[in-house]
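This report refers to the structure that appears directly beneath it.
The values are calculated or read from the model by the stated rules, or taken from the named source; none is laboratory data. As the structure is a computational prediction, the values presented were derived from the model and not from experiment. Cβ placement follows ideal geometry from the backbone for every residue including glycine, while neighbour counts extend to all protein chains displayed. Ligands, DNA and RNA are excluded from the accessible area calculation, which covers all protein heavy atoms including side chains. Shrake-Rupley method; radii C 1.70, N 1.55, O 1.52, S 1.80 Å.
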Amino acid sequence: MSGGPTPQPAPAAAPQDIEWRLPRHARSVSRARTLLREQATSWKLPDDVTETAVLLLSELMTNAYRHAKVSPGREIWARCVLDADRLRVSVTDASETYPAPRQASPDDESGRGLSLVVALADKWGANLRDCGIGKTVWFELDCRLSAIGTAHCDGR
């Protein structure tokens with residue numbers, strides 16, 4: 001039998017990730033949005049995926065800042081992982097209280113953040129941290145096709 005080497009499939013790109021540790025402060029919400037927008041540009045994410053991710057990250061960061069009743073000095077961690085066609089964004093705080101979507105009335109000035117996550121994310125969830133302190137709330141976005149139907153989000 002002759003022939004050349006058997007063609008091998010191209011190896012999958014390794015996941016790319018970045019994490020930011022920010023003080024538990026209102027200004028950190030804006031900072032996290034800016035950092036994610038810059039990273040999305042570096043990864044060449046489609047604009048619609050970037051805008052959705054920035055909005056949802058802002059909501060999770062706001063929840064962590066406002067609702068995680070923890071001692072001063074605790075940080076909020078934001079992490080983004082790009083793995084082929086999935087963007088996973090997570091926010092970790094020192095509170096062990098799970099988030100729950102609620103129905104905000106038309107007059108409420110807040111209370112819609114987690115409902116936005118539920119509506120716009122392809123997947124979302126929360127889990128307690130393995131170390132026993134705090135929780136992580138996360139969402140995933142499928143970025144294979146943008147709204148215009150052409151862009152892949154593979155970070156290259």
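Results, tabulated for the structure shown:
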{"item": "Cβ pairs under 7 Å, 6+ apart, first in segment 19-37 and in contact (Cβ under 8 Å) with a residue 12 or more places away in the chain, second part of a strand (DSSP E or B) and open to solvent by 80 Å² or more (accessible area, probe 1.4 Å)", "result": "GLU19/ARG79; ARG21/GLU75; LEU22/GLU75; PRO23/GLU75; ARG24/GLU75"}
{"item": "Extreme residue, nearest to LEU120 (Cα to Cα), among residues of segment 27-60 that are open to solvent by 50 Å² or more (accessible area, probe 1.4 Å) and among the small types (Gly, Ala, Ser)", "result": "SER30"}
{"item": "Hits in segment 66-102 (condition: over 18 Å from ALA121 (Cα atoms), more than 16 Å from the chain's Cα centre (by Cα) and not acidic (Asp, Glu))", "result": "ARG66, HIS67, ALA68, LYS69, VAL70, SER71, PRO72, GLY73, ARG74, ALA94, SER95, THR97"}
{"item": "Residue under evaluation ARG37, criteria (1) at pLDDT 90 or above; (2) over 14 Å from the mean Cα position of the chain (by Cα), criterion not met", "result": "(2)"}
{"item": "In segment 90-105, residue modelled with the highest pLDDT [restricted to those that are surrounded by 16 or more Cβ atoms within 10 Å (Cβ to Cβ) and either of a type outside the set (Gly, Ala, Ser) or over 23 Å from PRO23 (Cβ atoms) (or both)]", "result": "VAL91"}
{"item": "Scope segment 131-149; condition assigned to a loop (DSSP other than H, G, I, E, B), farther than 12 Å from LEU45 by Cβ, open to solvent by 10 Å² or more (accessible area, probe 1.4 Å) and modelled with pLDDT of 75 or more; matching residues", "result": "CYS131, GLY132, ILE133"}
{"item": "Given (1) at pLDDT 90 or above; (2) under 24 Å from ASP142 (Cβ atoms); (3) not in a helix (DSSP H, G or I), index of the condition SER58 fails", "result": "(3)"}
{"item": "Considering residues of segment 61-71 that are touching a residue at least 24 places away in the same chain (Cβ under 8 Å) and not in a helix (DSSP H, G or I) only, the residue surrounded by the fewest Cβ atoms within 10 Å (Cβ to Cβ)", "result": "LYS69"}
{"item": "Answer residue from segment 78-89, given it is hydrophobic (A, V, I, L, M, F, W, C) and surrounded by fewer than 19 Cβ atoms within 10 Å (Cβ to Cβ) and is nearest to VAL29 (Cα to Cα) among those", "result": "VAL81"}
